[in-house]
1. Since residue 123 meets every condition but one in (1) closer than 12 Å to residue 48 by Cβ; (2) buried (at least 16 other Cβ atoms within 10 Å of the Cβ), which condition does it not meet?
2. What's the number of the only condition in (1) without any contact (Cβ under 8 Å) to a residue 60 or more places away in the chain; (2) surrounded by fewer than 21 Cβ atoms within 10 Å (Cβ to Cβ) that residue 157 fails to meet?
3. So residue 86 fits all but one of (1) part of a helix (DSSP H, G or I); (2) surrounded by fewer than 19 Cβ atoms within 10 Å (Cβ to Cβ); what number is the exception?
4. Please verify whether region 69-91 includes one or more residues that are touching a strand residue (DSSP E or B) at 6+ places or on another chain (Cβ under 8 Å) and over 18 Å from residue 41 (Cβ atoms).
5. Could you pull out the residue among 73, 111, 132 that is touching a helix residue (DSSP H, G or I) at 6+ places or on another chain (Cβ under 7 Å) and either surrounded by fewer than 15 Cβ atoms within 10 Å (Cβ to Cβ) or in the same structural domain as residue 172 (by TED's automatic domain parsing) (or both)?
6. Would you point out which residue out of 162, 132 is touching a residue at least 12 places away in the same chain (Cβ under 8 Å), under 14 Å from the mean Cα position of the chain (by Cα) and either closer than 23 Å to residue 43 by Cα or in a loop (DSSP other than H, G, I, E, B) (or both)?
7. Of the residues 97, 84, 60, only one is in contact with a helix residue (DSSP H, G or I) (Cβ under 8 Å, 6 or more places away or on another chain), under 23 Å from residue 179 (Cβ atoms) and assigned by TED's automatic domain parsing to the domain that holds residue 179; which?
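The values are calculated or read from the model by the stated rules, or taken from the named source; none is laboratory data. Predicted model, so just to flag it, every value in this text is computed and none were measured. Every residue, glycine as well, gets a Cβ built from its backbone with ideal geometry; the counts of neighbours run over all protein chains shown.
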């Protein structure tokens, strides 16, 4: 090897080590939100608080906004999350969820559009998930979407579903010039 090659390799190695050290330090310097990596319920609480915070940050007049024809509006996405929370819980045998679903019509997702009403639906459904999870028999076998599974798997579907539609809601918000409160 030539001296020039040795210098280039040494410089590249030093730059790589410094870059990795910087990136690791930057990652550690970020504040990790409460609940992240602490289990199912803390993760659900984290996602739920962000969904509600984003709904609160969205102006009331934007709740009927939709990105295109035939696509859910802002309020419809939030109502879909709330109704799905009740559906998932009802599938696991939570009687209060089944009772809440009894009040849902084919039109509920589209007809509840007022910001305060939508946020109330969201919070109430999330509160029932929070209250039900610690009492759930997670290993109990149940039928869900035509398959045999466990209560645990349905709760997993619940949190994945919430996160999926939170991502959709973030995109909607940004399209409307709304910055998610936790990213400020």
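1. Just one mismatch for residue 123, condition (2).
2. (1)
3. Condition (2) is where residue 86 drops out.
4. Yes, some residue in region 69-91 is touching a strand residue (DSSP E or B) at 6+ places or on another chain (Cβ under 8 Å) and over 18 Å from residue 41 (Cβ atoms).
5. 132
6. Result of the check over 162, 132: 162.
7. 60
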